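**Student:** Mind having a look at this structure? Questions to follow.
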Amino acid sequence: MSAKYIFVTGGVVSSLGKGLAAASIGCLLESRGLKINLMKFDPYLNVDPGTMSPFQHGEVFVTDDGAETDLDLGHYERFTHAHLSRENNLTTGRIYEQIITKERRGDYLGKTVQVIPHVTNEIKNAMRKVASHGADVVIVEIGGTVGDIESLPFLEAIRQMRQELGRENTVFVHVTLVPWIAAAQELKTKPTQHTVKELLSIGIQADILLCRTDRALPNEMKSKIAGFCNVEERAVVTARDVKSIYECPLAFAEEGVDDLALKYLHIDAPARKMEAWKEIVHRAYNPKDTVHIGIVGKYVEYEDSYKSLKEALVHAALAHNLKLQVTWIEAEGLEEKIPGDRSYEAQLTGFDGILVPGGFGKRGVEGMLNAIRYAREQKVPYFGICLGMQTACIEFARNVCGLKAANSSEFDPAAEHRIIYKLRELLGVEEMGGTMRLGAWDCVLTPGSLAEKAYGKTEISERHRHRYEFNREYEALLTGGGLRLTGTTPDSTYVEIVEIPDHPFFLGCQFHPEFKSKPLEPHPIFRDFVAASYKNRLAHGVAVAEAQTTTVQ
Ligand code: GLN
């Protein structure tokens, strides 16, 4: 059977959760034994989001093959087992780059190169390529909102796909908004009618409407929308707000979204198996206790900048049946105002665990170093990711090994002791993305280390996105001071993990483990970090209780 397609578009406003909707449909279809794949087209002109600020675009999600992609691909991987690569996320910039390369090479044999058919063909070929790896169903999300000028070529391409493949091989899912107007005490259908009409004006009749609302749509409202929008009544789906995103697939299942899509695609599939998801959602809503993590970062005002990180912590908390409480701390605010003044420590007290995530550039680094020093000295579980590992090494060199001038050449190219430096530049490595180390790399773990205990094995693979590396010229000094290097690449060129023994949990890793965590497969390091943090909470809880008991006596 050749692949069938589900196209997901969005209307009325952005941020309606098209990515989550696509991922949730994928999750349901996978639970019915189908092999699925997902892809996203982003209508902007950047060739990929790698060069965009986290404030602009949110997190850059990295795939095994080192593609820097949209954060929706993170949802796809968390909700399904689809294997995603650079083929699964294309921007207008990338499509045009490919076309212009062909044009310069003379591939178009003197023809005028145009949006239709050349751009639309390139888009359709990209979909076919993803479909060619054996998927039963490919879910294609079109970024942006219907009505935007820049998404038109993508919409035209999916219109053509329906024309070529027929109704039984293509389904159009449109995510729309049905707002509750407080003044009128009414849900309003007009924006949905308009967006469906807008789609129709470019030749696309929506088949299924996922209506985002804050309450269930009454049946008469569903039949009104169905009538105006020319869809079956059961195809008007309440996509109500849920507290945990992991409830989305269950909410869609209740509304029969998967049954309907399968009916339209003429696919017979076994019943869905969602027990594991139900268990996760049950835990999310019935935690036994809370664990409180402080995240010291530089893009903290915009939570989407650390999307996968937050989700990985949620997965780890769920693994222990805990509710995750996160406090985002702006690293710059932890800098010493006057030398020696440690009043910033007030901001760091009370957390069960402290985490410093990835980041680029100098801003906030001194604040991160202070947070790490606090965690190390006060024996608060610490987890450093990428930049958080590099800063942990600098902190250790400065405050334990007495190397006050220790730094990364990223923050001070002229630093006397470059503990962290651009090793790849020295090695002369140039790959996609310049000297950036991107994508999956193998790593060997030291038996008996925190890392090896977490993974339960000594050979792992994790994803990277960074330029700077641990400088092994300082290895003897740092290990002499007590730091342990517990993970390296198999050829031992790159140091991947550092740990401090005699501490409840202190681990820094050069890779980004958050990209591989899933609700049903929590990442082992996150899982153990949260366990250590919770243990810390209980220890303090007991201490507080004892203190109170003492007072009462
Ligand atoms: N800025 C650091 C580097 O490029 C860390 C990057 C990161 O945290 N992703 O090596």
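We did not get these values from a lab; they are worked out from the coordinates using the rules stated. Everything numeric here is computed off the predicted structure, so don't read it as measured data. Every residue, glycine among them, receives a Cβ derived from its backbone with ideal geometry; neighbour counts consider all protein chains shown.
**Student:** Quick one: length gained pulling LEU165 to GLU303 fully straight, 0.36 nm per residue minus the C-alpha distance?
**Tutor:** 45.7 nm
**Student:** Rounded to the nearest 20 debye, what is the charge dipole size of region 332-436 about its Cα centre when +1 sits on each Lys and Arg Cβ and -1 on each Asp and Glu Cβ?
**Tutor:** Its charge dipole is roughly 200 debye.
**Student:** Still on this structure: At R0 = 30 Å, how high is the FRET efficiency between ASP107 and LYS129 if r is their beta carbon distance? Nearest 0.05 is fine.
**Tutor:** Efficiency at R0 = 30 Å is approximately 0.95.
**Student:** Counting every Cα pair in the chain, what percent are over 48 Å apart?
**Tutor:** Value for the chain: 17 percent of Cα pairs lie more than 48 Å apart.
**Student:** Further question: Say the dipole of the chain comes from +1 at the beta carbon of Lys and Arg and -1 at that of Asp and Glu; which of PRO43, PRO249, HIS512 then lies farthest toward its positive end?
**Tutor:** PRO249
**Student:** Which residues in region 37-62 place their backbone N less than 15 Å from a point set 7 Å from the Cα of GLU330 along the Cα-to-Cβ direction?
**Tutor:** 55
**Student:** Excluding residues fewer than 8 places away in the same chain, name every one of the lysines whose C-alpha is closer than 18 Å to that of LYS278.
**Tutor:** By straight Cα distance, LYS278 reaches LYS243, LYS288, LYS323, LYS518.
**Student:** Still on this structure: Give me the angle, in degrees from 0 to 90, between the Cα long axis of helix 275-285 and the longest principal axis of the Cα atoms of the chain, rounded to the nearest 10.
**Tutor:** Relative to the chain, helix 275-285 is tipped by roughly 60 degrees.
**Student:** Additional query: With a cut-off of 8 Å between alpha carbons and a minimum separation of six or more residues, what is the relative contact order of the chain in percent?
**Tutor:** 15
**Student:** Still on this structure: Pull out the extension gain between PHE360 and HIS540, defined as 0.36 nm times the separation in residues minus the alpha carbon to alpha carbon distance; nm, one decimal.
**Tutor:** Full extension from PHE360 to HIS540 adds 61.4 nm.
**Student:** Can you pull the three principal axis extents for the Cα set of region 208-352, in Å, largest first?
**Tutor:** Principal extents (Cα only, largest first): 69, 33, 25 Å.
**Student:** Regarding region 342-462, what are the three Cα extents along the principal axes, ordered largest first, in Å?
**Tutor:** Principal-axis extents of region 342-462 (Cα, largest first): 44, 41, 24 Å.
**Student:** I would also like to ask the following. May I ask you to evaluate 6.51 cos²θ - 1.76 cosθ + 1.60, the Karplus curve with θ = phi - 60°, for each residue of region 84-96 and list the ³J(HN,Hα) values in order in whole Hz, giving x for glycine and proline?
**Tutor:** Those phi angles translate into 9, 9, 5, 6, 8, 9, 10, 9, 4, x, 5, 4, 5 Hz.
**Student:** Out of residues 5 or more away from HIS466 or on other chains, whose amide H comes under 5 Å of its own, with H placed 1.01 Å from N in the peptide plane?
**Tutor:** Placed amide hydrogens put ARG437 under 5 Å from HIS466.
**Student:** Could you state the angle between the C-alpha long axis of helix 18-31 and the longest principal axis of the C-alpha atoms of the chain, as a value from 0 to 90 degrees rounded to the nearest 10?
**Tutor:** It works out to around 80 degrees.
**Student:** Through the Karplus equation 6.51 cos²θ - 1.76 cosθ + 1.60, θ set to phi - 60°, convert the phi angles of region 406-419 into ³J(HN,Hα) values in whole Hz; use x for Gly and Pro.
**Tutor:** Using θ = phi - 60°, the values come out as 5, 7, 9, 5, 5, 8, 8, x, 9, 4, 5, 10, 8, 5 Hz.
**Student:** Let me ask something else. Run the helix sum for the chain: -39,500 (n - 2.57) per DSSP H stretch of 4+ residues, divided by residue count, reported at 222 nm to the nearest 500 deg cm²/dmol.
**Tutor:** -11000 deg cm²/dmol
**Student:** How big is the dipole moment of region 428-492 about its Cα centre under a simple scheme where the beta carbon of each Lys and Arg is +1, that of each Asp and Glu is -1, and everything else is neutral? Debye, nearest 20, please.
**Tutor:** Its charge dipole is roughly 280 debye.
**Student:** Right, next: What distance in nm separates the simple spin-label points at ASN230 and ILE116, each placed 7 Å from Cα in the Cβ direction?
**Tutor:** 1.7
**Student:** What angle do you read, to the nearest 10 degrees and between 0 and 90, between the alpha-carbon axis of helix 387-399 and the longest principal axis of the chain?
**Tutor:** Helix 387-399 sits roughly 10 degrees off the main axis of the chain.
**Student:** Amide H of ASP289 versus every other amide H placed in the peptide plane: which residues, excluding those fewer than 5 positions away on the same chain, fall under 5 Å?
**Tutor:** So ASP289 has HN proximity to LYS323.
**Student:** While we're here: Antiparallel as a % of all DSSP beta bridges within the chain, to the nearest 5?
**Tutor:** Approximately 30 percent, going by the DSSP bridge assignments.
**Student:** Using a 10 Å cut-off on Cβ atoms, rank the peptides 447-456, 105-114 from the highest mean neighbour count down.
**Tutor:** Averaged packing, sorted descending, gives the order 447-456, 105-114.
**Student:** What lysines sit close enough to LYS124 to cross-link, taking a C-alpha to C-alpha distance under 21 Å and skipping anything fewer than 8 places away on the same chain?
**Tutor:** Cα-Cα hits under 21 Å: LYS4, LYS18, LYS35, LYS40, LYS102, LYS111.
**Student:** Starting from the Kirkwood Rh over alpha-carbon pairs, what translational D in µm² s⁻¹ does region 416-471 have by Stokes-Einstein at 4 °C and 1.567 mPa s?
**Tutor:** Translational D for this selection: 100 µm²/s.
**Student:** When the Karplus curve 6.51 cos²θ - 1.76 cosθ + 1.60 is applied with θ = phi - 60°, which whole-Hz ³J(HN,Hα) does each residue of region 57-62 get, with x for Gly and Pro?
**Tutor:** 3J(HN,Hα) across region 57-62, in whole Hz: 10, x, 4, 9, 8, 10.
**Student:** Within straight cross-link reach of LYS190, meaning Cα distance under 17 Å, which lysines are found once same-chain residues fewer than 8 apart are removed?
**Tutor:** Within the straight-line cut-off, LYS190 pairs with LYS222, LYS224.
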